[in-house]
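Some notes on the structure that comes next.
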There are 2 protein chains.
Amino acid sequence: MTDFMTGTRQRAPAARERRGAVGDAGPAPLDGQEAAALLERTRALVDPALRAALDSLPGAMRRIALYHFGWEQADGTPAAGNAGKAIRPALVLAAAGALGGSRARTAAVRAAAAVELVHNFSLLHDDVMDRDTSRRHRPTAWTVFGEADAILAGDALQALALRLLAEDPHPAAGPAAVRLADCVVELCEGQHTDTAMERRAPDEVTLDEVLAMAEAKTGALLGCACALGALYAGADEEDVAALDGFGRQAGLAFQLIDDVIGIWGDPRRTGKPAGADLVVRKKSLPVAAALASGTPAAAELAALYGTPYAAGSAGDGGEITRTALAVERAGGRDWAQTEAADRMARAMQELARAVPAPEAAGGLLALAEFVTRRST
Amino acid sequence: MTDFMTGTRQRAPAARERRGAVGDAGPAPLDGQEAAALLERTRALVDPALRAALDSLPGAMRRIALYHFGWEQADGTPAAGNAGKAIRPALVLAAAGALGGSRARTAAVRAAAAVELVHNFSLLHDDVMDRDTSRRHRPTAWTVFGEADAILAGDALQALALRLLAEDPHPAAGPAAVRLADCVVELCEGQHTDTAMERRAPDEVTLDEVLAMAEAKTGALLGCACALGALYAGADEEDVAALDGFGRQAGLAFQLIDDVIGIWGDPRRTGKPAGADLVVRKKSLPVAAALASGTPAAAELAALYGTPYAAGSAGDGGEITRTALAVERAGGRDWAQTEAADRMARAMQELARAVPAPEAAGGLLALAEFVTRRST
């Protein structure tokens, strides 16, 4: 299962062989093509519901939301659209389909749109708090419309999300809204922990804390997406919990890979400078594991992370390379890759519990693979 | 009906006579005592649901929320509690009671808590955007916990509000959640308009815009509170709309009175310096009406509002007194008081449409009176 977490776009030949060549029309091939097709079908199903929801917003809220989703320019003229990969709504639909077939999948479209709205509400707010200036290759909403309007547009998207479920007559809509609201609270606590940890010294942050934060910030919504799909398929509590576990573990695997890429990713593939996460002294999972290793390299890393870079020296290569090497020598890279494989194995176990038939589980597997292989 | 909008705590003798002396035990006396008793009963009914909801939050979100509600100090020790007047939940319960009796009132407790959570979510966010440093005689949450955490706690409160309705098995809970979510969107657009107007020149803001903003920011949630109560009483669409109209119009009357107090309120009663709204050049309703009057005083006012105060001169008396006089001579004060009376009359008409029996309408009337007479 190591191919789940290579951290690059290249597929291992063994995996390719096992699954048939790209373009193979066999049943549920676990390659990027199936995921890409699923994501495309998801956009076709969910985008109309999303657009209708955004179009229901009043003037300024609609303008900011359509800009954030990539459907409009800042001046209100139409844009080609780059509203993200729709992984979360695809998980909702794939989970509904896996447990309830095409009827459940169709019934879950509103829930899929609701999950995507929650995701985008949290992006709008996180970008304000993290002072991120770029998102999906465009200036973030707060840099264009101001902080207040970005906060308000996020608030409106959260309301829209829960409104979509409140007006859905499906019997799963109520329990789905409860889960989605709980997930919002978990996202908030996760974001709080993340920003609070950034202010603490490297040796004051434990690996367990970083793992819990990653689960809350990344795993929770992927788990919630899968759980909502299961609810719309009429699954029992146990299967809903298993699907939630599948999404959470896959989300953690994704975060581990993403953190490996944030240190060792190829700038030509990531579009970010080498060691981007090290430049901003991010307490990512490999760094936290390295710091906790008790090795001499851990002490070196703590010293490197504990002192500010000299002005102008950040990202110049020497210091970043030395920091990356310290993380690696302290075992941070190996740990992250092993942990990602372990999380992916746990995800598979959870999935097999609820969806034993491989042909039914195919879509969810393809999506889980897709998110843990992305390099940007 | 001028006694609805005197803008001070003093009750006109005529009104006192009409309604019986304070303490009179007659049916539905429209005095402050009935409102105070209603608010106290509301707190007793709704606080346990609110506390349970806040206690369900994880660590940091709970701490910030409990501080904001006045139930904890910043360090987590218990506080005496000053969670506001609970006017909105009282309106939910009074509306439910007026249309459906005590059973409906009891059934609507969760909805009442949800409305109060939405109110507090919007306060947390508005305080961040408006840079307000004091709320309910304590430092605002963002000044204590930072902006990011105040935003996150607000997000969590919105989620909690809609969660309360999502888990409520009452048949009104779904339509109530739709209305509450719509109200959140309206609050957001209102807050956007407010902050956007503050950046515009005085003569670029029309009275209609300021009225629409006040309806969105203040009227919408009071209307929503009453509408939710009606929904829980099983009222038909027409009565729900009438109750919404009652709350909206009463909310506008309240805002008009509040704006009059912001200019001419007695500092000993308001706890704010004289002309507080003029000092910050707030485009309040009396000011907007004065500017739109086409009088020589309007031109004077536009000039006064259009130039920054000399450093240190704001609030020194002379300039503020002159500005207040200009608003008054341009007719802003008279307009606001007449408009408040008119809005209150419209509120009464809406209420009479849905609740013709005076004894049933008494609670709602008492609350509407209470909110339009407050002086702080």
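Count of the stretch B:122-158 residues, restricted to those that are of a type in the set (D, E, K, R), surrounded by fewer than 21 Cβ atoms within 10 Å (Cβ to Cβ) and either touching a helix residue (DSSP H, G or I) at 6+ places or on another chain (Cβ under 7 Å) or within 7 Å of chain A (Cβ to nearest Cβ) (or both), is 2.
B:ARG200 meets all of the listed conditions (1) more than 9 Å from chain A (Cβ to nearest Cβ); (2) under 22 Å from the mean Cα position of the chain (by Cα) but one, namely (2).
Residues in the stretch B:204-215 that are surrounded by 24 or more Cβ atoms within 10 Å (Cβ to Cβ) and under 12 Å from the mean Cα position of the chain (by Cα): B:ALA214 only. Screening B:GLY223 against (1) surrounded by fewer than 23 Cβ atoms within 10 Å (Cβ to Cβ); (2) more than 8 Å from chain A (Cβ to nearest Cβ) leaves a single unmet condition, (1). Of the numbered conditions (1) more than 20 Å from A:ARG138 (Cα to Cα); (2) in contact with a Pro (Cβ under 9 Å, 6 or more places away or on another chain), A:HIS119 satisfies every one except a single condition; which is it? Condition (1) is where A:HIS119 drops out. Only one of the numbered conditions (1) buried (at least 22 other Cβ atoms within 10 Å of the Cβ); (2) within 14 Å of chain B (Cβ to nearest Cβ); (3) closer than 17 Å to B:GLY59 by Cα; (4) touching a residue at least 24 places away in the same chain (Cβ under 8 Å) is violated by A:LEU228, and that is (3).
Evaluate the stretch A:352-367: report whether one residue or more is surrounded by fewer than 16 Cβ atoms within 10 Å (Cβ to Cβ), closer than 27 Å to A:GLN191 by Cα, small (Gly, Ala, Ser) and under 27 Å from the mean Cα position of the chain (by Cα). No, every residue in the stretch A:352-367 fails to be surrounded by fewer than 16 Cβ atoms within 10 Å (Cβ to Cβ), closer than 27 Å to A:GLN191 by Cα, small (Gly, Ala, Ser) and under 27 Å from the mean Cα position of the chain (by Cα). Per the listing B:VAL118, B:VAL92, B:VAL109, the residue uniquely within 14 Å of chain A (Cβ to nearest Cβ) and buried (at least 22 other Cβ atoms within 10 Å of the Cβ) is B:VAL118.
Of the helices (runs of 4 or more DSSP H) lying entirely inside the stretch B:105-190, those containing at least 2 residues that are among the aliphatic types (A, V, I, L, M) and under 18 Å from A:LEU180 (Cβ atoms) span B:109-130, B:147-166. Scanning the stretch A:159-172 for residues that are more than 7 Å from chain B (Cβ to nearest Cβ) and surrounded by fewer than 24 Cβ atoms within 10 Å (Cβ to Cβ) turns up A:ASP168, A:PRO169, A:HIS170, A:PRO171. Residues in the stretch B:71-101 that are β-branched (Val, Ile, Thr) and in contact (Cβ under 8 Å) with a residue 60 or more places away in the chain: B:ILE87, B:VAL92.
Determine whether B:ALA52 is farther than 18 Å from B:ASN82 by Cβ, surrounded by fewer than 16 Cβ atoms within 10 Å (Cβ to Cβ) and either modelled with pLDDT of 50 or more or within 14 Å of chain A (Cβ to nearest Cβ) (or both). Spelling it out, B:ALA52 is indeed farther than 18 Å from B:ASN82 by Cβ, surrounded by fewer than 16 Cβ atoms within 10 Å (Cβ to Cβ) and either modelled with pLDDT of 50 or more or within 14 Å of chain A (Cβ to nearest Cβ) (or both). In the stretch A:104-112, the count of residues that are in contact (Cβ under 8 Å) with a residue 12 or more places away in the chain, within 18 Å of the chain's Cα centre (by Cα) and farther than 22 Å from B:ALA216 by Cβ is one or more.
Is it true that B:THR195 is within 12 Å of another protein chain (Cβ to nearest Cβ) and of a type in the set (S, T, N, Q)?
Considered against the rule, which asks whether it is within 12 Å of another protein chain (Cβ to nearest Cβ) and of a type in the set (S, T, N, Q), B:THR195 comes out as yes.
Taking the conditions (1) crowded, with 20+ Cβ neighbours inside 10 Å; (2) charged (D, E, K, R); (3) within 14 Å of chain B (Cβ to nearest Cβ) in turn, A:ARG248 satisfies each one other than (3). All conditions in (1) touching a Gly at 6+ places or on another chain (Cβ under 6 Å); (2) within 9 Å of another protein chain (Cβ to nearest Cβ) hold for B:LYS217, with the sole exception of (2).
Just checking, which of B:ALA176, B:ALA148, B:ALA172, B:ALA166 is at pLDDT 95 or above and under 30 Å from A:ARG199 (Cβ atoms)? The conditions single out B:ALA148. Which of the residues spanning the stretch A:186-203 are more than 26 Å from A:GLY306 (Cα to Cα) and crowded, with 24+ Cβ neighbours inside 10 Å? Hits for the stretch A:186-203 are A:LEU187, A:CYS188. Can we say A:GLU34 is at pLDDT below 95 and out of contact with any strand residue (DSSP E or B) (no Cβ under 8 Å at 6 or more places or on another chain)? Judged against the criteria, A:GLU34 is a match. Restricting A:ALA352, A:ALA357 to residues that are at pLDDT below 95 and under 18 Å from A:GLY234 (Cα atoms) narrows the list to A:ALA357.
Within the stretch A:183-208, the set of residues being touching a residue at least 12 places away in the same chain (Cβ under 8 Å), more than 30 Å from A:THR295 (Cβ to Cβ) and not hydrophobic (A, V, I, L, M, F, W, C) comprises A:GLU186, A:GLU189, A:GLN191. Residues in the stretch A:60-86 that are assigned to a helix (DSSP H, G or I), surrounded by fewer than 24 Cβ atoms within 10 Å (Cβ to Cβ) and in contact with a helix residue (DSSP H, G or I) (Cβ under 7 Å, 6 or more places away or on another chain): A:ALA60, A:ARG62, A:LEU66, A:TYR67.
The values are calculated or read from the model by the stated rules, or taken from the named source; none is laboratory data. All figures in this text were calculated on a predicted structure; none of them were measured in a lab. Counting neighbours? That spans all protein chains shown, and the Cβs are built from the backbone with ideal geometry, glycine included.
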